[in-house]
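What follows is one structure encoded as structure tokens, with my remarks underneath.
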Amino acid sequence: MVLDFYVKNLEKVLNLETEYTFENLNWNGKSIPIYIGEFWTSKQRQAHSLHEISYRACFKPQLPRFFIERFSQEGDKIYDPFAGRGTTILEAAFFNRKIIANDINPLSRILIQPRINPPYIQEIQLRLEKIDYSHKLESEINLGMFYHPKTIQEILNLRKYLFDKQNSQEIDCIDLWIQMVATNRLTGHSKGFFSVYTLPPNQATSPERQIKINAIRNHKPEYKNTKELIYKKSKQLLKSLTEIQRQQLYQAFQTFFMLNKDASNTKEIQDESIQLTVTSPPFLDVVDYGKDNWLRCWFNHLPLDEIQKNITKTNSLLIWEKKMFQVFLELYRITKKQGYVAFEVGEVKKGKLKLEESILKIGLKSGFECKGIFINKQNFTKTANIWGIKNNQHGTNSNRIVLFQKV
Ligand SMILES: C[S@@+](CC[C@H](N)C(=O)[O-])C[C@H]1O[C@@H](n2cnc3c(N)ncnc32)[C@H](O)[C@@H]1O
């Protein structure tokens, strides 16, 4: 069987695609292989245009693809407990896998679901034409530092339209698509956004800070045609979607389900049902997902305070490890025998904190075997001590993935 071949010949598989260096890590008497190379950043098929919405700390589609292609087969279930914008989920759907997602932030569903069930551009255009922008609406918050008054009216009308459609349960995949794109276009740092120049779209700055940005740059919000911008972004997202891929997504959508829960408590997912999990958790206090998303939450009537309370965010390595251990126990329960977990950790505290060591310890404690650690590096140079590699050298970029198997 292909999968057995891969497992037994992991190194040969890697050799097929890229040059790499190999080290053994002695971990409490166990030998853990560490592979270092440029596994998913170069010489690969381009990422699909449908991925191109911004989300803090999202990973490149080539990363989940690397593991999906090697450690699962068509029809297998692929899961991401910290799904974010859904990079793993979408990529798995393109490979004819079944998909299950979870993220404690309800915004994640708004960003993922419409892209697994995308409408045609003509449908989007027609729907946009129909949305009534003629109501004179009052905003409960001051948005004048971000938008021209006419743009504010358009955003308020669109927000009301989507809210009414949701409440009357008439919302369909075209409305959901428009909601996803509008959420993504609210603020940003180029002409394609509804707002005046500000931070990138996944990091909504505070109103006070925006007033300062406007003053420094001597900017005043200009009118933006929101329907036109939604149409343009939709066209971009859909530009490389072929009919065959639409069918693949449609198939995956039939069995897709998404939870909005803490990743350690997902009892809706059956025991031993998941072949492969590819995920990256919140990294200590690096990103404040709640604060970054306040405007997106407002637009979608989502409870920001509650979301901020629920999201795992801590400065303490001990608390973070405790949380990740609970998540790993849950992953162990739902992973099939011989199934895999590929767990990405990024660079924290300028590379001084080696979260991969924490994850290795936690994964082993929860029952998994570690099959190796993949360090994906651009412009890497071989170093005698792998753990001593400096991650923040100019021109380098690394992801560290710990690969586990339930045996
Ligand atoms: C690093 S991001 C994942 C990004 C994702 N890999 C992507 O490509 O978009 C981590 C995600 O974990 C979510 N999250 C934080 N705490 C959580 C928890 N306790 N349970 C489930 N999800 C959580 C955040 O909302 C965020 O979307």
- request: Given the peptides 175-188, 236-249, arrange them by the average over their residues of other C-beta atoms within 10 Å, most packed first.
  value: 175-188, 236-249
field: Rg(Cα)/(2.2 N^0.38 Å) for the range 113-194, N = residue count
entry: 1.13
message: For the range 167-307, take N as its residue count and report Rg(C-alpha) divided by 2.2 N^0.38 Å.
response: 1.29
query: How large are Rg and Dmax for the chain when only the alpha carbon atoms are used, in Å?
result: 22.0, 71
- prompt: Taking springs between alpha-carbon atoms closer than 10 angstrom, which of ILE307, ILE141, ILE89 fluctuates most in the Gaussian network model of the chain?
  reply: ILE141
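Taking the Cβ-Cβ separation of THR21 and VAL407 as r and a Förster radius of 22 Å, what is the calculated FRET efficiency to the nearest 0.05?
Here the calculated transfer efficiency is 0.25.
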task: State the antiparallel share, in %, of DSSP beta bridges confined to the chain, rounding to the nearest 5.
output: 55 percent
query: Nearest 20 debye, what's the magnitude of the dipole of the range 183-240 about its Cα centre given +1 on Lys and Arg Cβ and -1 on Asp and Glu Cβ?
result: 200 debye
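None of the figures in this text is laboratory data; all of them are computed from the coordinates on show. Owing to the predicted nature of the structure, the values given are computational and were not obtained by experimental measurement. As a convention, Cβ positions derive from the backbone with ideal geometry for all residues, glycine included, and neighbour counts pool all protein chains shown.
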